[in-house]
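Please read the structure below before turning to the comments.
The values are calculated or read from the model by the stated rules, or taken from the named source; none is laboratory data. Since this is a predicted model, take the numbers as computed values, not measurements. Cβ placement follows ideal geometry from the backbone for every residue including glycine, while neighbour counts extend to all protein chains displayed.
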Amino acid sequence: MIKMTDVQKFFDDFQALKDINLEVPKGQVVVVLGPSGSGKSTLCRTINRLETIEQGTIEIDGVLLPEEGKGLAKIRADVGMVFQSFNLFPHLTIKDNVSLAPIKVRKLKKSEAHDLAMKLLDRVGIANQADKYPAQLSGGQQQRVAIARALAMNPKIMLFDEPTSALDPEMVNEVLDVMSSLAKEGMTMVCVTHEMGFARKAADRVLFMADGAIVEDTEPDSFFTNPQSARAKDFLGKILAH
Ligand SMILES: Nc1ncnc2c1ncn2[C@@H]1O[C@H](COP(=O)(O)OP(=O)(O)O)[C@@H](O)[C@H]1O
Ligand SMILES: [Mg+2]
């Protein structure tokens, strides 16, 4: 579903991604771990071309990512992304936030898009909030709206970049539960997260990044019980110390 070959990404002289070779089959759930600044967000952003790459190729479901234009818009619509900050439109109701892209991009009729939005809001457990505005919802609820909004485009892949990092602790699980059920339903997912419980339970695979490179690529159990690199051992020592 995702194939990255010899990808190099630079910000001026600084190399943010180094020799990324990654194949993610359909339905796989990949958790990306690594210290701050290791390139996790940049990796996600290159997958749906929010960032360009200087060298290498990225294929989504067998289609080479073009530089720009119509083809790119179409492929980008196949890749849903959820960020740390929920980025909902404050002046639109929850239902309208979810139905906007299906109307504008997928050309659904308003009534069809609203039906779809209600179905998805039900799936993430907040159909009863549909007519409220984002500011009237808790952070956990807003993030679930953001997931419903991404799902409304019927994506082939979902990218999550620290989706629970801005949430109060008691709201983390309601978002992780939605992600876990998506994973069980067979969605192809790349998740940057510091939630080690989620990584252990939901992931098929862990990527550990350091200095822009994928340093370890393994099953969750072996990563947590038997990390190979000094960087990964150091990272795990720090996060598991408390
Ligand atoms: N737009 C940008 N311009 C310049 N440098 C950037 C930009 N975005 C990210 N970087 C740098 O690239 C590196 C990786 O960043 P990022 O992918 O955000 O790391 P992570 O998500 O793992 O914390 C960092 O050193 C960061 O400062
Ligand atoms: Mg980041």
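Residues that are touching a His at 6+ places or on another chain (Cβ under 9 Å) and of a type outside the set (Asp, Glu) were ranked within the range 143-191; the one that is nearest to ligand 1 (Cβ to nearest atom) is 165. Of the listed requirements (1) assigned to a helix (DSSP H, G or I); (2) hydroxyl-bearing (Ser, Thr, Tyr); (3) farther than 27 Å from residue 180 by Cα, residue 42 misses just one: (3). Among the criteria (1) over 18 Å from the mean Cα position of the chain (by Cα); (2) within 16 Å of ligand 2 (Cβ to nearest atom), the one residue 44 does not fulfil is (1).
The residue pairs whose first member lies in the range 213-238 and is at pLDDT 95 or above, whose second member is surrounded by fewer than 17 Cβ atoms within 10 Å (Cβ to Cβ) and acidic (Asp, Glu), and whose beta carbons are closer than 7 Å, counting only pairs six or more residues apart or on different chains, are 213/19.
Which of the residues that make up the range 184-208 are within 15 Å of ligand 2 (Cβ to nearest atom) and either over 19 Å from residue 231 (Cβ atoms) or in contact with a Pro (Cβ under 8 Å, 6 or more places away or on another chain) (or both)? Hits for the range 184-208 are 190, 191, 193, 195, 208. Within the bounds of the range 90-102, is there any residue that is acidic (Asp, Glu), more than 16 Å from ligand 1 (Cβ to nearest atom), under 20 Å from the mean Cα position of the chain (by Cα) and modelled with pLDDT of 90 or more? No, the range 90-102 contains no residue that is acidic (Asp, Glu), more than 16 Å from ligand 1 (Cβ to nearest atom), under 20 Å from the mean Cα position of the chain (by Cα) and modelled with pLDDT of 90 or more. Quick check on the range 227-240. Is at least one of its residues under 30 Å from residue 96 (Cα atoms), more than 16 Å from ligand 2 (Cβ to nearest atom) and of a type in the set (A, V, I, L, M)? No: zero hits.
All conditions in (1) within 16 Å of ligand 1 (Cβ to nearest atom); (2) at pLDDT 95 or above hold for residue 194, with the sole exception of (2).
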